[in-house]
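The block underneath contains the structure these notes are about, expressed in C-alpha cells.
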Amino acid sequence: MNIGEIAKRAGVSRSTVSYALSGKRPVSEETRWKIQQVVDELGYRPSASARALANGRTSTIGLVFPPAGDHYTGMQLDFIGSVVEAAAAHDYDVLLSPSGVDSDRSFQRLLGERRVDGAILMEIRLEDDRVDHLAALNFPSVAIGRTAHPEDGWWVGLDHTELAAACVHHLADLGHRRVAFVNRPEQLVRAGYESAHRGLDGFTKAAAERGLTVRTYCCGDNAASGQACVEQILRDDPATTALVTLNEAALGGLYRGLAQACRRVPRDFSVTGVVAGRWAETVTPQLTAADVPAAEMGRRAVDLLVERLDHPDAPPRHHLLTPPISLRASTGPAGVTPTADAGSGTTA
C-alpha cells in the first residue's frame, strides 16, 4: 500500500495526499477527512524513508558503540538498554552501529546515507576521530565519555579520576598499604580509552599521595582473564592485600582467583572498584564500589541529543557525574598478610 493507491481511492492527487499526511501545506478539512478515511480503512503507515522525505526527520538516533573485544560486556549491555529505553520515551528508535573508528564502514553508512537524525557515541578515546568528524560536519551528537579536550562538546561523563582515587583513599583509610589496580584490556588502554586512562591516573596519584606500594595490570574483559590477573598479582607481590578494578566483566574471575589462593574477601583481601551497581551485587560478598549509573547516563545522553535536535543553535552542554562509593561487604581492615605458602591455607 502506497500514497498512489490512497490518492486513487480518495479521488485526489498524490501531492495532496502527501501534504495531508505531512502537514507541510494546507488541505481543506473535507479533503483531509476523505484521505484519513482511506488511510484508516487500509491501515496505511508511511515508511521511515517516506517520513524522512516528508519532514526531514527519521525519528531514529544512532548508538555508535564498539563491543569490548568480541562481545559486549554486561555493563555495555546496560548502557545499550538505557539508551533504547530513554529514546523510546521521546518516540525515537535506536540504530546500533558497532563502530570504533571514523573509517569504519558502518559509521560511514550511518552518516553518508543519513539513516539517523543524530548519534550517541560510546567507548570514547582521549583522541577520538569519530567525535572530531561529527563536530566538523556539525552533525548532532552526544558522547558518553570525554575526550582530552571536552570543553566545547556535548557529553555525559563519569569522573573516573575522582572515583578511582576515592577507592584508593577508602582502602588506605582501612590500613591497606600494598594495592593492585586492575584496568581494562591492554588493547583498549593502547587505543586511548578515556575511562582506562583517567582511572589509572586517579589511582596512581591517590596512591602516591597516601604513600602506598602499588602495581597496575591490564586485564581482559572476561572471568578467565580476571582469575589469571589475580594469580599474577599474588606472584608479583604476595603481600598485596587489596585491589581496585574498573573491569566489571572480570569481576567473577577476580573473586575466583582469590578463593583459589585461599584469600578470603574481605578478611584476607579487600576488593573495590568502579562498577555498575547490579553487577557489584552479583558477587559474594557484594562489592563495595562507586556504582556506575548506566541508566542515568543513558537517559541524560538521550535528553541532551533531543535538546540539540530541537534547538540546533543551543550552546554545548554536558554532565560530569561522581557517584559516591556504596559500602557493601568486600572491603575491611588490612589484616595479617598471608605468607608465600598461602595457597596451602596457612597464614602467618
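Does the stretch 174-193 include one or more residues that are in contact with a helix residue (DSSP H, G or I) (Cβ under 6 Å, 6 or more places away or on another chain) and under 30 Å from E307 (Cα atoms)? There is no residue in the stretch 174-193 that is in contact with a helix residue (DSSP H, G or I) (Cβ under 6 Å, 6 or more places away or on another chain) and under 30 Å from E307 (Cα atoms). Scanning the stretch 153-195 for residues that are under 18 Å from S270 (Cβ atoms), of a type in the set (A, V, I, L, M), open to solvent by less than 40 Å² (accessible area, probe 1.4 Å) and touching a Gly at 6+ places or on another chain (Cβ under 9 Å) yields L163, A164, A165, A166, V168, A172, V182. You will find that of I144, I124, the residue that is out of contact with any Leu (no Cβ under 8 Å at 6 or more places or on another chain) and buried (at least 21 other Cβ atoms within 10 Å of the Cβ) is I124 and no other. Residue pairs whose Cβ atoms lie under 6 Å apart, separated by 6 or more positions or on different chains, with the first residue in the stretch 219-234 and assigned by the TED database to the domain that holds N247 and the second open to solvent by 50 Å² or more (accessible area, probe 1.4 Å) and at pLDDT 95 or above, are Q227/R256.
Could we say that R299 is modelled with pLDDT under 95 and assigned to a helix (DSSP H, G or I) here? Can you show your working first?
Values: modelled with pLDDT under 95: no; assigned to a helix (DSSP H, G or I): yes.
No.
Within the stretch 23-40, residues that are part of a loop (DSSP other than H, G, I, E, B) reach partners that are at pLDDT 85 or above with beta carbons closer than 7 Å, at six or more positions or on different chains, in the pairs V27/T16. Across the stretch 127-139, the number of residues qualifying as open to solvent by 20 Å² or more (accessible area, probe 1.4 Å), more than 17 Å from L188 (Cα to Cα) and outside any helix (DSSP H, G or I) comes to 1.
Here is a yes/no grid of residues against (1) within 24 Å of D78 (Cα to Cα); (2) touching an Asp or Glu at 6+ places or on another chain (Cβ under 7 Å):
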| residue | (1), (2) |
| --- | --- |
| L111 | no, no |
| D117 | yes, no |
| L126 | yes, yes |
| A135 | no, no |
| D152 | no, no |
| V156 | yes, no |
| L163 | yes, no |
| A172 | no, no |
| H176 | no, no |
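Can you find, within the stretch 160-187, the residue that is nearest to P67 (Cα to Cα) among those that are among the aliphatic types (A, V, I, L, M) and not in a helix (DSSP H, G or I)? Spell out the reasoning first.
Within the stretch 160-187, the first condition is being among the aliphatic types (A, V, I, L, M), and the residues that meet it are 163-166, 168, 171-172, 174, 179-180, 182.
From the residues that got through so far, the ones that are not in a helix (DSSP H, G or I) too are 174, 179-180, 182.
On the way: L174: 36, V179: 29, A180: 26, V182: 19 Å.
That would be V182.
The values are calculated or read from the model by the stated rules, or taken from the named source; none is laboratory data. It should be emphasised that the depicted structure is a prediction, and the values quoted were computed from it without experimental measurement. Positions of Cβ are generated from backbone atoms using ideal geometry, with glycine treated the same way; all protein chains shown enter the neighbour counts. In case anyone asks, the SASA skips ligands and DNA or RNA and just uses the protein heavy atoms, side chains included. Shrake-Rupley method; radii C 1.70, N 1.55, O 1.52, S 1.80 Å.
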